1. Round to the nearest 10 and give me the degree value, 0 to 90, for the angle of helix 108-133's Cα axis relative to the longest principal axis of the chain.
2. Under the rule of at least 5 residues apart or a separate chain, name every residue whose amide H is placed under 5 Å from the amide H of Val84.
3. Which Cα, out of Ser119, Met21, Tyr137, lies furthest along the positive dipole direction of the chain (beta carbon charges, K/R +1, D/E -1)?
4. How far is helix 50-65 tilted, in degrees, relative to the longest principal axis of the Cα atoms in the chain, given as a value from 0 to 90 rounded to the nearest 10?
5. For the residues Cys147, Cys113, what sequence is obtained by ranking on other C-beta atoms within 10 Å, fewest first?
6. Could you line up Trp50, Trp80 from fewest to most neighbouring Cβ atoms inside 10 Å?
7. Which whole-Hz ³J(HN,Hα) couplings does region 97-105 yield from phi under the Karplus relation 6.51 cos²θ - 1.76 cosθ + 1.60, θ = phi - 60°, glycine and proline marked x?
8. So if I place +1 on the C-beta of Lys and Arg and -1 on the C-beta of Asp and Glu, and nothing else carries charge, what would the dipole magnitude of region 2-183 be about its Cα centre? I want it in debye, nearest 20.
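We did not get these values from a lab; they are worked out from the coordinates using the rules stated. Nothing here was measured: the structure is a model prediction, and the numbers come from that model. Cβ placement follows ideal geometry from the backbone for every residue including glycine, while neighbour counts extend to all protein chains displayed.
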Amino acid sequence: MEKKLNLRFCVIAAIILVAAMSRLIPHLPNFAPIGGMALFGAAYFSKSRWAFIVPVASMWISDLVLNNIVYSQFFDGFVWFYSVSLFTYGAFALISLLGIVILKEISVFNLTCSVLAASLIFFLVSNFGVWMLSDMYPHNFSGLQACYIAGIPFFRNTLLGDIFYTSVLFGTFEILQYRFPVLKLQENIEE
């Protein structure tokens, strides 16, 4: 049983890490695996601290590569975290929490509700962070409204990315469980 649990854990963690690294592939703005990773980790590590640790660590590793290699010309020196990262990771944690609550039973309906809510959470929290921490908008209600309005065109890609990556992550693991029954468990990983 322990060997089966470790193999399942490693496969789930590897899927999340690969999804995080897909952020390095050129893509439309905000078409990213963030919501899908958080929901996938929450669904399959739901009774464990790993529901937060694996997706956040994977995202942080991909952020390190993005910020220090891909976008290095925009920063002075090595970047461990960027200015709005607290809000990005906060949204990520909220999406994981949402997934733990809603995805106790994985179904098309629950996944659809989770994806829609995840996209909305990320939009609201990340844009709030941009408004709060940047000088792009006045720090009043009108500025907050302007920030959210400016973010609306990006919401479409966030939603499409969440739909795509959630489908790919959950679909991939379901296929792997079908093909390799050793990955199946009666319940999600508990630790």
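1. Long axis of 108-133 versus the principal axis of the chain: about 30 degrees.
2. none
3. Final value for the positive-end residue is Met21.
4. 50
5. Cys113, Cys147
6. Trp80, Trp50
7. With coefficients 6.51, -1.76 and 1.60, one gets 4, 4, x, 4, 6, 7, 9, 4, 10 Hz.
8. So the dipole magnitude of region 2-183 works out to roughly 560 debye.
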